[in-house]
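What follows is a short report on a single structure.
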Amino acid sequence: MKILCRYVLAWMGALGIMNVYFCRINLSTAMVAMVGVEKQSKQQSNITHSQCPGPAEVEGEEKTFPEGEFAWSKQEQGLVTGSYYWGYASCQIPAAWLAS
């Protein structure tokens, strides 16, 4: 059985798109660990009484979250994720030119 070139190309394209999608997911997920969690005051908390408290959640105690390596604001986080998307979009035409 001979494997046609178009099937190899189709599978490679599908794997490439899947790789880009996984990179996009990993960037958003890794940013949470790199930056840490934004602290909320008691007034901004959106915890409702219908939720069960976790084992570390005791009345009157404040949760402590690990600090991230970077002190990025929301605007800087948006610039990092936006640069990935704009870089990906702007490289589509040169990549298609190189592929032909």
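Here is how the numbers come out for the structure above:
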read-out: Cβ pairs under 6 Å, 6+ apart, first in the stretch 74-100 and within 14 Å of VAL20 (Cα to Cα), second surrounded by 10 or more Cβ atoms within 10 Å (Cβ to Cβ); value: TYR84/LEU27
read-out: Of all residues making up the stretch 1-17, the number that are in a helix (DSSP H, G or I) and either in contact (Cβ under 8 Å) with a residue 40 or more places away in the chain or open to solvent by less than 90 Å² (accessible area, probe 1.4 Å) (or both); value: 5
read-out: The stretch 19-76, subset within 15 Å of the chain's Cα centre (by Cα), surrounded by 10 or more Cβ atoms within 10 Å (Cβ to Cβ) and of a type in the set (D, E, K, R), residue modelled with the lowest pLDDT; value: ARG24
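The values are calculated or read from the model by the stated rules, or taken from the named source; none is laboratory data. Because the structure is a prediction, the values reported are computed rather than measured. Cβ coordinates were reconstructed from backbone atoms using ideal geometry, including for glycine residues, and neighbour counts include every protein chain displayed. Protein only, heavy atoms only, side chains kept; ligands, DNA and RNA dropped before computing areas. Shrake-Rupley method; radii C 1.70, N 1.55, O 1.52, S 1.80 Å.
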